[in-house]
Amino acid sequence: RLLAVESLVLALLGGLLGVGLASLALPTLLGLIPNQLPPTVDVRMDLPVLFVALGVSLTAGLVFGLVPAIRQGGRDLRSALSGGGRSVGSRRGERVRSGLIVFEMATATVLLVASALLVRGFQEIRSADAGFESENVLTLRVNLPPATYADGEAMARAAIELGERLSDVPGAEWAHAWGPGRPGQSFNFQTSIPEGMLVDEIAASPLARRHQLGVGGLEDLGIELLRGRTFTEADRIGTPHVAIVSESMAEELWPGEDPIGRQYHNFQPAGAPIPENRMWTVVGVVADAQHMGRIQQPGAIVTPNDSYFPIAQRPERSFTLLVKFTGPPDAAPVREAIRSYDPN
């Protein structure tokens, strides 16, 4: 009874301590994953959590208290306390303890090696060159109301003007609109077929990730220009459509050739005319960047190809704003600048 009661008391104290530490750590842990939980997920300490903690504590106390109690219950205390009983028990216990020590050391060695590999892998992922600037860059999503921004020209103007306004936020170095995804997390693809290539099925069409951005965005993000030019103020609605492609995309679509001045388009069924607004002329080639993240998800579409378009020619209703700060990003003045531009 003493062993069982002692174990229950220790288990309940441990459970109480665990609940207390969890309550203190919860705000910090939630702060480490901003904007990654769906709105329907509410992480908090509530009665079901407390009941589970109580149940686990009671179970642990009973199991770890009753097992030694049962083992001791069938022994004669007089002989157990005498020298003979102590020597027999000690030899048997020594073998059990030695086996447990060997098992613990082997488990600890495996965990130590696995932890070292995990830390090394994490460091390699963190130090890998993503191909673009990400230090102190704040990202936020903007969704333009259809009632106010009804056409492409209004959407393009809003994206450009918001970028210009956020560049003046205290502590900001630059700001740009980027859509439809964001650097390092882009899951928007399009078929990209060079002019003159005949493709019967859409499944056989080369794929590329699609990015729209403002003037100066590639330069400020540090995506290296290898050939040609970047976007200018002249690349706007009503002018010939232009694009910048990644080095891998240029090599796949025009192997061994100069891609500058070449054209490509989306997949069109056999005999269907190619819409004029779906034909792009390559004006520049940039270095590859890891816009699908440093770790590829199983089953994800993987391609090294990237197409960049002027957001003034291909506006998005929903896009990302990138704000580079000289120090740690501050979202409050950014939100205020957006509200001052359009409260809605």
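P(r) for the range 147-195: what percent of alpha-carbon pairs falls in each 5 Å bin, starting at zero?
5, 16, 15, 18, 21, 14, 7, 3, 1, 0
Which of the helices in the chain meet the span-like rule: DSSP H, Cα axial reach of 30 Å or more, Kyte-Doolittle mean at least 0.5?
Details: long enough: 2-31 (44 Å, 1.99); 47-73 (37 Å, 1.67); 83-127 (63 Å, 0.32).
Those that clear 30 Å and a mean of 0.5 are 2-31, 47-73.
What fraction of the DSSP beta bridges in the chain is antiparallel, stated in percent and rounded to the nearest 5?
Close to 75 percent.
Find the relative contact order for the chain and round it to a whole percent, using C-alpha pairs within less than 8 Å whose residues are 6+ positions apart.
Values: 475 pairs, mean separation 80.4, N = 344.
With pairs under 8 Å counted, the relative contact order is 23 percent.
Of the chain, which part is the longest with no GluC sites (Glu not before Pro) in a loop (DSSP not H, G, I, E, B) and with at most 16 other C-beta atoms within 10 angstrom? Before the final figure, lay out the partial values.
Working: sites that count: Glu133, Glu135, Glu195, Glu201, Glu224, Glu233, Glu257.
In short, 1-132.
Springs between alpha-carbon pairs under 10 angstrom, Gaussian network model over the chain: which of Leu24, Leu198, Leu100 fluctuates most?
Residue with maximal mean-square fluctuation among Leu24, Leu198, Leu100: Leu24.
Given Cα pairs under 8 Å that are at least 6 residues apart, what percent is the relative contact order of the range 190-306? Present the calculation step by step, with values, prior to reporting the outcome.
Details: 176 pairs, mean separation 43.0, N = 117.
Normalised by residue count, the contact order of the range 190-306 is 37 percent.
Dividing the Cα radius of gyration by the Kirkwood radius, what Rg/Rh value follows for the chain?
Details: Rg = 31.3 Å, Rh = 25.8 Å.
Here the Rg-to-Rh quotient is 1.21.
Return the ratio Rg/(2.2 N^0.38 Å) for the range 84-155, where Rg is computed over Cα atoms only. Walk me through the intermediate numbers first.
Working: Rg = 30.3 Å, N = 72, 2.2 N^0.38 = 11.2 Å.
Relative to the 2.2 N^0.38 Å estimate, the range 84-155 comes out at 2.71.
Using a 1.4 angstrom probe, figure out how much accessible area the range 187-344 has per residue, in square angstrom, rounded to the nearest whole.
Numbers: 7790 Å² over 158 residues.
Computed with neighbouring chains in place, this is 49 Å² per residue.
Carbon and sulfur atoms: what percent of the 1.4 Å accessible area of the chain do they account for?
On the way: 12820 of 21070 Å².
On the chain, the fraction of accessible area on carbon and sulfur atoms equals 61 percent.
The values are calculated or read from the model by the stated rules, or taken from the named source; none is laboratory data. Computed from a prediction, not measured in an experiment: that's the story for all the values here. Cβ sites come from the backbone with ideal geometry, for glycine too, and all protein chains shown count toward neighbours. SASA here: full protein model, heavy atoms, side chains in, ligands and nucleic acids out. Shrake-Rupley method; radii C 1.70, N 1.55, O 1.52, S 1.80 Å.
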